[in-house]
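Let me begin by presenting the structure, written as structure tokens, before commenting on it.
Nothing in this text is a laboratory measurement; each read-out follows from the coordinates by a stated rule. Quick caveat, the model's predicted, so the values are computed rather than measured. Glycine gets a Cβ as well: all are built from the backbone with ideal geometry, and neighbour counts include every protein chain shown.
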């Protein structure tokens with residue numbers, strides 16, 4: 001239980017950090033970042049697998065690079081749903097999702 005709570009807090013800090021680095025991604029406060037973590041987890045659990053199956057031919061043709069587009073769209077969807085979290089434009093979403101993925105990879109190793 002403590003491990004899950006610690007990861008949740010670290011992921012929220014990563015989201016705040018990404019909003020500082022990437023122009024076009026805005027987080028109002030830490031509570032909004034924690035809410036974004038929950039929304040992203042739900043999106044990645046329920047919506048992302050469905051999109052990956054639908055876009056499998058395009059993903060194969062692009063040698064997996066289309067996965068970055070799917071991640072950016074999921075971040076934009078979270079920005080649309082979550083109050084206090086905004087993603088302005090696809091380029092910001094793409095850069096933000098790349099940075100988020102890289103930083104989250106380190107956290108998942110803990």
Could you tell me the distance between the Cα centroids of segment 1-67 and segment 68-110, to the nearest Å? 5 Å
Between residue 5 and residue 55, what is the label-point separation in nm under the 7 Å Cα-to-beta-carbon projection? 3.6 nm
Measure nothing fancy, just the Cα-based angle from helix 90-108's long axis to the longest principal axis of the chain, in degrees from 0 to 90, nearest 10. 70 degrees
Cα axis of helix 2-21 to longest principal axis of the chain: angle in degrees, 0 to 90, nearest 10? 80 degrees
Mind giving me the FRET efficiency for residue 30 and residue 65? R0 is 25 Å, r the Cβ-Cβ distance, nearest 0.05 is fine. 0.15
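How high is the relative contact order of the chain? Use alpha-carbon pairs under 8 Å, at least six apart in sequence, and give a whole percent. Numbers along the way, then the final one.
Working: 116 pairs, mean separation 38.7, N = 110.
Answer for the chain is 35 percent.
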Hey, rough spin-label estimate for residue 101 and residue 16, points 7 angstrom out along Cα→Cβ, what's it come to in nanometres? 2.6 nm
Taking the Cα atoms only, what angle lies between the long axis of helix 66-81 and the longest principal axis of the chain, rounded to 10 degrees? 40 degrees
